[in-house]
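Contents: one structure, followed by commentary.
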Amino acid sequence: MSQSLKHATDPGRSAGENAILEAAVRLFSRHGFEGVSMRAVAQEAGVSKSNIYHHFASKEALYLAIMQSSAGSLAEMVENLAEGRGGFDERLREFALAHLVHLIDNAMTMRLLLREVFTGDSRWQKIMVEQVVGGIFERLIGIFENGQKAGLLRPGVDPGLCALLILGIDLFHFQTRHLHQYPPLDRYAQSAEQFSSEMMDIILHGMLAPTVASPTVAEVKS
């Protein structure tokens with residue numbers, strides 16, 4: 001199985017269902033939801049169209065199953081952040097790295113989902129938020145809120161922005177990895193582990209030296 005498809009599948013589904021999911025991801029990622037027919041999915045999967053309808057009631061149900069399979073992995077990462085061992089900062093680092101590796105290992109599925117985010121119709125965008133990622137994000141915010149109540153985050157810091165910051169940086173790195181072969185971005189052509197470690201150092205400790213006064217605008221320009 002392709003690395004980019006391994007989380008399009010679901011261990012709770014049959015081999016036949018997972019073969020259909022893999023085929024659907026390949027087609028939807030190339031052509032979008034409207035550009036793919038169930039007949040095309042059947043041909044790609046090497047099964048009959050009636051076999052697909054035996055497992056998935058409609059094209060919409062198939063598309064939603066792909067989204068939910070991927071979201072299930074993210075939900076597991078969030079629960080590990082909440083319940084895992086180690087200090088809060090250590091678990092944040094583990095979550096950030098696991099999320100980035102998940103994006104890279106499941107590139108085709110992730111690009112399918114991002115295609116909906118950026119160019120999909122509002123109906124599917126609403127479904128993604130309400131039925132796929134909304135609850136997971138609320139859970140993630142709750143973990144940051146609990147960390148703040150425990151004195152692990154600065155008072156006044158928005159827990160939702162903390163969550164978005166980690167997810168957003170991971171997504172940007174994933175989306176621009178193909179550019180890292182060219183200077184000056186080649187300095188970021190590094191392993192996921194190294195990038196995530198350096199990124200989390202900045203997030204957790206800030207970028208300004210604590211003993212240095214902030215320079216004026218004129219000093220920065222000079």
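The values are calculated or read from the model by the stated rules, or taken from the named source; none is laboratory data. Keep in mind the model is a prediction, meaning the values are calculated, not measured. Heads up, the Cβs are rebuilt from the backbone with ideal geometry, glycines too, and the neighbour counts pull from every protein chain shown.
Listed values, structure above:
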item	result
Test: residue 140 is modelled with pLDDT under 95, of a type in the set (A, V, I, L, M, F, W, C) and closer than 17 Å to residue 81 by Cβ	no
Residue 90, sole failed condition from (1) among the acidic types (Asp, Glu); (2) within 16 Å of the chain's Cα centre (by Cα); (3) within 22 Å of residue 153 (Cβ to Cβ)	(2)
Neighbours by Cβ (under 9 Å, 6+ apart or cross-chain): first from the range 172-189, surrounded by 11 or more Cβ atoms within 10 Å (Cβ to Cβ); second in a loop (DSSP other than H, G, I, E, B) and of a type in the set (Gly, Ala, Ser)	177/189; 180/189
The range 39-61, residues that are crowded, with 17+ Cβ neighbours inside 10 Å and part of a helix (DSSP H, G or I)	41, 42, 44, 45, 52, 55, 59
Hits in the range 198-213 (condition: farther than 14 Å from residue 167 by Cα and either among the basic types (Lys, Arg) or at pLDDT 90 or above (or both))	198, 201, 202, 204, 205, 206, 207
Residue 7, sole failed condition from (1) outside any helix (DSSP H, G or I); (2) at pLDDT 95 or above	(2)
Those residues of the range 163-190 which are in contact with a helix residue (DSSP H, G or I) (Cβ under 9 Å, 6 or more places away or on another chain) and within 15 Å of residue 103 (Cα to Cα), in sequence order	166, 167, 169, 170, 171, 173, 174, 175, 176, 177
Hits in the range 137-180 (condition: among the acidic types (Asp, Glu) and within 12 Å of the chain's Cα centre (by Cα))	170
Conditions (1) under 30 Å from residue 199 (Cβ atoms); (2) modelled with pLDDT of 95 or more: number failed by residue 44	(1)
Among residues of the range 158-197, those that are at pLDDT 95 or above and over 24 Å from residue 111 (Cβ atoms), counted	6
Pair list, Cβ under 6 Å, 6 or more apart: the range 10-32 residue assigned to a helix (DSSP H, G or I), other residue among the charged types (D, E, K, R) and at pLDDT 85 or above	23/44; 27/44; 29/111
